[in-house]
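Since every read-out is calculated from the coordinates, none of them should be taken as a lab result. This is a predicted model, so every value here is computed, not measured. So basically every Cβ, Gly included, is an ideal-geometry build from the backbone, and we count neighbours across all protein chains shown.
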Amino acid sequence: MGASSELGMRMIGKLNNECNENAIIHAWYRTMTEEFRSLCEGCNDNPNLTVILRQLDLADSRAVEAAIEDYRNQGICPTHFAASGFEYMKIKKWNEEVARRDMDIAYFSFARVCSEFLPMMAKKGYGRVVAVLSSYTLGTPPKFMSNYVAAKSALWGYIKGAAIEYADCGLCINGISPGMMETKFLSNLSSKIIEMTAA
């Protein structure tokens, strides 16, 4: 989920380089860039790896339901790289529509997918789930990021609850919390903010 993000593409590239047994990547993406297309086409040269592409807006709950229906019996192992993007917004300019979209992308779509696939993984007695959170869920977050921090914190709470619920079923459910990485995800931030964070 979020396969066309720079993190998602790095993961696909890593799997392509290291995969020496049969594997299938179901790559849910929102935007087909030339870079993403080239990466996925390059995976066709690896006889052990199959990439199945699905264009999907994770903020569209009906589209998420349709994707789940397609994959219902295939035992997908979710990895979640999706977020709506960094954008500074003061609380006094809070916008409910933007906040709901952030929650749909970062939390609700992931929770819905997991509600479908975690029970299937539990029946098999094995499963791996990874969600990319944010270092902003730990300690003191920066100013003007309440929407982003709220969505990632909701996802973090869900991950902790799911990990406990399925701990005795052979499932490993993790959230990783990286700091700011210089990717296109930061395109709405000023270079000064990025330099200050790096320092």
Quick query: amide H of Ile25 versus all other amide H atoms, modeled in the peptide plane; which residues come in under 5 Å with a sequence gap of 5 or more or a different chain? Thr50, Val51, Ile52
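Using 1/(1 + (r/R0)^6) with R0 = 30 angstrom and r between the beta carbons of Glu18 and Val149, what's the FRET efficiency to the nearest 0.05?
The pair Glu18/Val149 has a calculated efficiency of 0.35.
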Simple spin-label model, 7 Å along Cα-to-Cβ: Ile91 to Lys160 in nm? 2.1 nm
For a bin width of 5 Å, list the pair-distance distribution of segment 123-174 built from all Cα-Cα distances, rounded to whole %. 5, 20, 25, 18, 13, 10, 6, 3, 1
Fraction of the pair-distance distribution of segment 1-60 above 14 Å, Cα-Cα pairs, percent: 49 percent
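For Asn174, what is the net charge nearby, where nearby means another residue's Cβ is under 11 Å from its Cβ and Lys, Arg count +1, Asp, Glu -1?
+2
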Please report, to two decimal places, log10 I(q)/I(0) for segment 94-155 at q = 0.29 Å⁻¹ as given by the Debye formula with identical point scatterers on the Cα atoms and no solvent. -1.19
